[in-house]
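Worksheet: the structure to be examined is printed underneath.
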Amino acid sequence: MAIDIAIVGAGIAGSMLAIACQKANLNYRVYESGPKIWQHGSGIGFQPNAISAIKAIEPQLAVALEKFYSQQPDQKADILYTHGQDGDKWKAFEDIMVLHTDGVKTIARSDIMDCMLQFISEERFHFNKHLTSLEEVGDKVKIHFKDGTTAEHDIVIGTDGVHSHTRQWICNDEDSIPRFTGKVVHRTVIKADDCRDVVGNDPGALRTFVGYHGHILLIPINHSTEYSVTCFGSREQWTDDRHWQIAATDVDLAKDYRTWDPRLQKMLDKAGQTDVWAIFDLPYVTRFARGGVAVSGDAAHASSPFQGNGAAIAFEDACILATLLAHASNVREAKVALQVYDGVRRPRAQKQIQTALETGLTMEFEHHMALDNLEAFKRRMSSTNKWLWSFDAAKEMKRALDIMDTRLA
């Protein structure tokens, strides 16, 4: 019996899950709330665990992505940590450390989506389908959309983002409410020529300028002709839980970084107006699945971006989910697959949420175990990603299948 699957949301997480389902010969449909797939956004760094998951899901996608990376196939994108402002013990632009990443690749979000869409059949997509509620009808899950239509499927996977209606149906408790991290972000793209005084002689490297209560990340994109520039700052509170974005002006950005090095301020002058986004995460979600419904990506484990692993964890989800669902021979077994997915994925995803925020606090000299201690800073930054990068897709897929077989025995 073929399991009928609905994927709600066609962002990076939903699209990767669709590719995984298609590769596994699963029957699926993708419902997207917008009129088309959103293909804009900032740059992303694919760390080794992301690349491992992509190769396991669809090796040809891994090959297709190679031509869009800003690094050559044999080039390693190291991360350079540098002081962005004067401190009591250092001067701006003094280097702190180089983190050797063992294979990080940087790419524009639009290029990722362009590549992924080549591997998904167009007829799988249904647009302008905004989920409003779910209900169980016998062995089926009925999806209600804002336009008044409905759809019934055996399994529903919500990849509908941090505001997920799917997650609310699964959990329906305070632990499923996103938490403000105390951090905000400006995002922009700046031409490489306007970043020369900042990036130095290694255009393929990721540069992170750290300072008190903020840091600036530069990711090379479009073959290092541009930089995705992300500026992080701090706020004591965010009072509007319904609106996480506020319109800003170039004056706001200049104000936030007025104490930083003039070379960085000159670069940021090229950014113009950038909106301010509040950063929320989901550290305490009690479960990722209930009955025939599950969540993946930001809908399950939205994280602060300080480890650059949000997309990677979603790719890992897709790898495990498709493997488990392909192993199910009926709806009952598919529901067991979702419970196994929850048990396998939730601990790792929630640990990443915790360590991501700790990484951000370290880079902004707010973590109680680092503060102005540069040796402690180096130790924490050297170790923070190692457990993430060691993800072995084949090993995790086998582990998940072994657990499922035990449950079904």
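The rows are residues; the columns are (1) assigned by the TED database to the domain that holds SER224; (2) farther than 30 Å from ALA247 by Cα.
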{"site": "ASP114", "(1), (2)": "no, no"}
{"site": "ILE120", "(1), (2)": "no, yes"}
{"site": "GLY138", "(1), (2)": "no, yes"}
{"site": "GLY158", "(1), (2)": "no, no"}
{"site": "VAL162", "(1), (2)": "no, no"}
{"site": "CYS171", "(1), (2)": "no, yes"}
{"site": "THR188", "(1), (2)": "yes, no"}
{"site": "ASP193", "(1), (2)": "yes, no"}
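Of the residues ASP252, ASP298, only one is in the same structural domain as VAL137 (by the TED database), of a type in the set (Asp, Glu) and under 30 Å from ILE216 (Cβ atoms); which?
ASP298
Examine region 233-249 for a residue that is at pLDDT 90 or above, assigned by the TED database to the domain that holds GLY214 and under 13 Å from ILE216 (Cβ atoms), and state whether such a residue exists.
yes
Identify all residues within region 16-60 that are farther than 21 Å from ALA337 by Cβ and of a type in the set (S, T, N, Q); write none if there are none.
SER33, GLN39, SER42, GLN47, ASN49, SER52, GLN60, listed by residue number.
Among residues belonging to region 352-373 that are in contact (Cβ under 8 Å) with a residue 24 or more places away in the chain, out of contact with any His (no Cβ under 9 Å at 6 or more places or on another chain) and in a helix (DSSP H, G or I), point out the one that is surrounded by the most Cβ atoms within 10 Å (Cβ to Cβ).
This residue is ALA356.
In the set ALA271, ALA302, which member is of a type in the set (A, V, I, L, M) and closer than 30 Å to VAL331 by Cα?
When all the criteria are applied, what remains is ALA302.
Need the failing condition index for ALA376 against (1) assigned to a helix (DSSP H, G or I); (2) touching a helix residue (DSSP H, G or I) at 6+ places or on another chain (Cβ under 8 Å); (3) at pLDDT below 95; (4) more than 25 Å from SER176 (Cα to Cα), just the number.
Among (1) assigned to a helix (DSSP H, G or I); (2) touching a helix residue (DSSP H, G or I) at 6+ places or on another chain (Cβ under 8 Å); (3) at pLDDT below 95; (4) more than 25 Å from SER176 (Cα to Cα), the lone unmet condition for ALA376 is (2).
Each row is one residue, and each column tells you yes or no for (1) among the hydroxyl-bearing types (Ser, Thr, Tyr); (2) surrounded by fewer than 24 Cβ atoms within 10 Å (Cβ to Cβ); (3) under 30 Å from THR208 (Cα atoms); (4) more than 18 Å from the chain's Cα centre (by Cα).
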| site | (1), (2), (3), (4) |
| --- | --- |
| ALA13 | no, no, yes, no |
| ASN27 | no, yes, no, yes |
| GLY43 | no, no, yes, no |
| PRO48 | no, yes, yes, no |
| ILE51 | no, yes, yes, no |
| GLU66 | no, yes, yes, yes |
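Quick grid of which residues meet (1) of a type outside the set (A, V, I, L, M, F, W, C); (2) crowded, with 22+ Cβ neighbours inside 10 Å; (3) in the same structural domain as ASN49 (by the TED database); (4) not in a helix (DSSP H, G or I):
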residue	(1), (2), (3), (4)
LEU264	no, yes, no, no
GLN273	yes, no, no, yes
ALA312	no, yes, yes, no
ILE320	no, yes, yes, no
THR323	yes, yes, yes, no
VAL340	no, yes, yes, no
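Consider region 163-213. How many of its residues are among the β-branched types (Val, Ile, Thr) and either without any contact (Cβ under 8 Å) to a residue 12 or more places away in the chain or under 23 Å from LEU357 (Cα atoms) (or both)?
Taking region 163-213 first, the residues among the β-branched types (Val, Ile, Thr) are 166, 170, 177, 181, 184-185, 188-190, 198-199, 208, 210.
Checking the rest, the ones that are also either without any contact (Cβ under 8 Å) to a residue 12 or more places away in the chain or under 23 Å from LEU357 (Cα atoms) (or both) come to 177, 181, 184-185, 188, 208, 210.
Total satisfying the criteria: 7.
Do you know which of the residues in region 170-186 that are of a type outside the set (A, V, I, L, M) and touching a Gly at 6+ places or on another chain (Cβ under 8 Å) is modelled with the lowest pLDDT? Explain how you work it out, then say what you get.
Let us first name the residues in region 170-186 that are of a type outside the set (A, V, I, L, M), namely 171-176, 178-183, 186.
From the residues that got through so far, the ones that are touching a Gly at 6+ places or on another chain (Cβ under 8 Å) too are 181, 183, 186.
Working: THR181: 96, LYS183: 95, HIS186: 91.
Checking each candidate, the answer is HIS186.
Out of the residues in region 212-262 that are loosely packed, with under 13 Cβ neighbours inside 10 Å and of a type in the set (Lys, Arg), which is farthest from HIS186 (Cα to Cα)?
Checking each candidate, the answer is ARG242.
Is it the case that region 143-159 has a residue that's loosely packed, with under 15 Cβ neighbours inside 10 Å, at pLDDT below 95 and part of a loop (DSSP other than H, G, I, E, B)?
No: zero hits.
The values are calculated or read from the model by the stated rules, or taken from the named source; none is laboratory data. Computed from a predicted structure; not experimentally measured. Positions of Cβ are generated from backbone atoms using ideal geometry, with glycine treated the same way; all protein chains shown enter the neighbour counts.
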